[in-house]
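The values are calculated or read from the model by the stated rules, or taken from the named source; none is laboratory data. Every value quoted in this text rests on a predicted model; they were computed, and no experiment measured them. Cβ atoms come from the backbone with ideal geometry, glycine included; neighbour counts cover every protein chain shown.
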Amino acid sequence: MTASSDRSHNPIVIDDELCIRCPLCDIVCPGDIIIRGERTKIDPPVVAYPAECWYCGLCEQSCPTSAITIVFPDRMIDPPLTFADLVDGR
């Protein structure tokens, strides 16, 4: 999945309907980007620092209900420069 706009890009999308409010995404995130609120049984986790996401996918892989989707920015999927451009010095 790609994002339509990189400016306000949120790399981690959590489906509130599917989320069971377990702590797994918060625990496995190596960047400590996903935060669980004080009302952990009521409120879904929050993506507190979206710009710091490493796109590792651990949260998505660990989610038991598939409530998390990693969304890559367009510039990561279709970069403006190719490897050949970089090698040729363009």
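Here are some notes:
- Residue list for the stretch 49-82, filter: within 11 Å of the chain's Cα centre (by Cα) and either part of a helix (DSSP H, G or I) or among the aliphatic types (A, V, I, L, M) (or both): PRO50, ALA51, GLU52, LEU58, CYS59, GLU60, ILE68, ILE70, VAL71
Conditions (1) crowded, with 16+ Cβ neighbours inside 10 Å; (2) on the phi > 0 side of the Ramachandran plot; (3) in contact with a helix residue (DSSP H, G or I) (Cβ under 6 Å, 6 or more places away or on another chain), marked per residue:
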{"site": "LEU24", "(1), (2), (3)": "yes, no, yes"}
{"site": "ASP32", "(1), (2), (3)": "no, yes, no"}
{"site": "ILE35", "(1), (2), (3)": "no, no, no"}
{"site": "ARG39", "(1), (2), (3)": "no, no, no"}
{"site": "VAL46", "(1), (2), (3)": "no, no, no"}
{"site": "ALA51", "(1), (2), (3)": "no, no, no"}
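- Of everything in the stretch 58-73 that is of a type in the set (A, V, I, L, M) and in contact with a helix residue (DSSP H, G or I) (Cβ under 7 Å, 6 or more places away or on another chain), the residue that is farthest from ASP16 (Cα to Cα) is LEU58.
- A search for C-beta distances below 6 Å between a residue of the stretch 69-90 that is under 23 Å from PRO11 (Cβ atoms) and any residue that is at pLDDT 80 or above and among the acidic types (Asp, Glu), counting only pairs 6+ apart in sequence or on different chains, returns ILE70/GLU60.
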